[in-house]
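Please see the structure below; I have some questions.
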Amino acid sequence: MGRNRIGVVGAGFVGATLAQRLADAQLGDVVLSDIKELDGMPQGKALDIMETGPIVGSDARMVGTTAVEDMKDCDVIVITAGLARKPGMTREDLIDKNAGILRGVVERVSISSPNAILIVVTNPLDVMAYLAYKVSKFPKNRVVGMAGVLDAARFAFFIAEKLNCSSQDVRAMVLGSHGDTMVPLPRFTSVWGVPITELLSEEAVEQLVNRTRDGGAEIVKLLKQGSAYYAPSQSVLVMVQSILRDEKRLLPACAVLDGEYGLKDIMMGVPVILGRTGVERVVELRLRPEELKMFKDSAAKVAEGTRHMKLA
Ligand code: APR
């Protein structure tokens, strides 16, 4: 069996940081691509990353390219192409800009890598992932979006900070859309199995939940230009690893719903099992009425964005 081939579309902050993490983890050979206008940039970053190889002990090969045809026969393709959210810009503002970019990218890669598993990172996430699903016409298990691992990591970090405990022991669960209507689930969030509802007051939990919901915007505001990329790229790495090593980890991710949670033909954040064939299972939690209501509200918001794209 040959080496895995991982495509990363968009060599910006998220794409290039991910490429470096992929090379360090030696998950496979990487093709890092960007637009023709930026010729030299992905090549330069790829070379810089490969020159790290002798220092970290990695033999991963990387091709930086602006030629679309180089992105062929990939096992996994991560799509980060698009504009990052600017301060004051809602995720919805991004739809028109990024839908055009995504459509072009997906039309090309679905032909050149017909067996790939697509991981969408471009925002607004749930809507862009759905666009990739529709345009690629790939089966539902082979299109997934990255948001849940990141949102859960932010929630876990805030919990660990508040409790002054190791963040390693915090396992958080976040459902729904990647945005203002995300649904953090304190009931399914624990510190080594101890539910956080046992460790924190209702008010404290609420504060952490709100900070998690605004987690992306908090970073955008601080950076002043661009958006988060260290935690996002690490979140994608975990997903690529679970797929290529067939780890079958249970992770929150944006997946196609086909009747689960009473929803159809939409992509939303839910717990999934990620393995070599992609989304191997959507895990259906028995939500309480108030949780289900939040989830449905979140779905309504995603459906609004999806309709806006008029994909038919
Ligand atoms: N093909 C390949 N690359 C493209 C294309 C395209 N058609 N269109 C744009 N790009 C490239 C840009 O040239 C840029 O280098 O995508 C890259 C995006 O990088 P950044 O602007 O640095 O944005 P980044 O912070 O990486 O975020 C990318 O991920 O987290 C989300 O909201 C974020 O949607 C944004 C995406």
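Quick one: which residues, 5 or more positions from ILE266 or on another chain, have an amide H under 5 Å from its amide H? H modelled 1.01 Å from N in the peptide plane, none for Pro or chain starts.
LEU257
I would also like to ask the following. Equivalent-ellipsoid semi-axes (√(5λ), Cα gyration tensor) for segment 169-255, whole Å, largest first? Intermediate results must be reported in sequence, preceding the final value.
Details: eigenvalues 101, 88, 24 Å².
Values for segment 169-255, descending: 22, 21, 11 Å.
A follow-up question, please. Can you give me the distance in nm between label points at LYS140 and THR90, each placed 7 Å from the Cα along the Cα-to-Cβ direction?
Simple spin-label model gives 2.8 nm for this pair.
Do any of LYS97/LYS162; LYS45/LYS224; LYS72/LYS140; LYS97/LYS137 go past 26 Å between their Cα atoms, and which?
On the way: LYS97/LYS162 38 Å; LYS45/LYS224 24 Å; LYS72/LYS140 21 Å; LYS97/LYS137 22 Å.
Over 26 Å Cα-Cα: LYS97/LYS162.
Oh, and also: When the chain is treated as a GNM, springs tying every alpha-carbon pair under 10 Å, which of VAL283, VAL174, VAL240 comes out with the largest mean-square fluctuation?
VAL283
Could I ask something else about it? In percent, what relative contact order does segment 148-308 have, based on Cα pairs under 8 Å that are 6 or more apart in sequence?
Values: 247 pairs, mean separation 36.3, N = 161.
For segment 148-308, the relative contact order is 23 percent.
Starting from the Cα-Cα distance between GLU218 and ASP265, subtract it from 0.36 nm times their residue separation and give me the gain in nm to one decimal. Could you put the intermediate results ahead of the total?
Numbers: separation 47, 0.36 × 47 = 16.92 nm, distance 3.13 nm.
Gain on extension, GLU218 to ASP265, equals 13.8 nm.
Next question, about the same structure. Quick one: what Rg and Dmax do you get for the chain from the alpha carbons, in Å?
In order Rg, Dmax, the Cα atoms of the chain give 18.7, 55 Å.
Provide HIS178, HIS308 ordered by accessible surface of protein heavy atoms (probe 1.4 Å), highest first. Write down the numbers at each step before the final one.
Details: HIS178 15, HIS308 95 Å².
Final ranking, largest accessible area leading: HIS308, HIS178.
Report the convex hull volume per residue for segment 148-308, counting only C-alpha atoms, in Å³. Each step should come with its number before you reach the end.
Values: hull volume 20.5 nm³, N = 161.
Output value, Cα hull per residue: 127 Å³.
Taking the chain as a Gaussian network, Cα atoms linked when under 10 Å apart, which of ASN98, ASN164, ASN141 shows the biggest mean-square fluctuation?
Looking only at ASN98, ASN164, ASN141, the biggest GNM fluctuation is shown by ASN164.
Among LEU18, PHE138, THR66, which residue has its Cα furthest toward the positive end of the charge dipole of segment 5-145, with +1 on Lys/Arg Cβ and -1 on Asp/Glu Cβ?
The listed residue farthest towards the positive side: PHE138.
Sticking with this structure for a sec: Place a label point 7 angstrom from the Cα of ARG61 along the Cα-to-Cβ direction, then list the residues of segment 18-32 whose backbone nitrogen is under 13 Å away.
Correct set: 28-31.
Right, next: Can you give the Rg and Dmax of segment 5-145 based on its C-alpha atoms, in angstrom?
That works out to 14.6, 43 Å for Rg and Dmax.
Gaussian network model of the chain, Cα springs within a sub-10 Å range: biggest mean-square fluctuation belongs to which of GLN234, GLN207, GLN26?
Top of the fluctuation ranking is GLN207.
The values are calculated or read from the model by the stated rules, or taken from the named source; none is laboratory data. As the structure is a prediction and not an experimental result, all values here were calculated from the model. In this analysis, Cβ positions are derived from the backbone assuming ideal geometry, glycine residues included, and neighbour counts consider all displayed protein chains. What goes into the accessible areas is simple: the full protein's heavy atoms, side chains included, and nothing from ligands, DNA or RNA. Shrake-Rupley method; radii C 1.70, N 1.55, O 1.52, S 1.80 Å.
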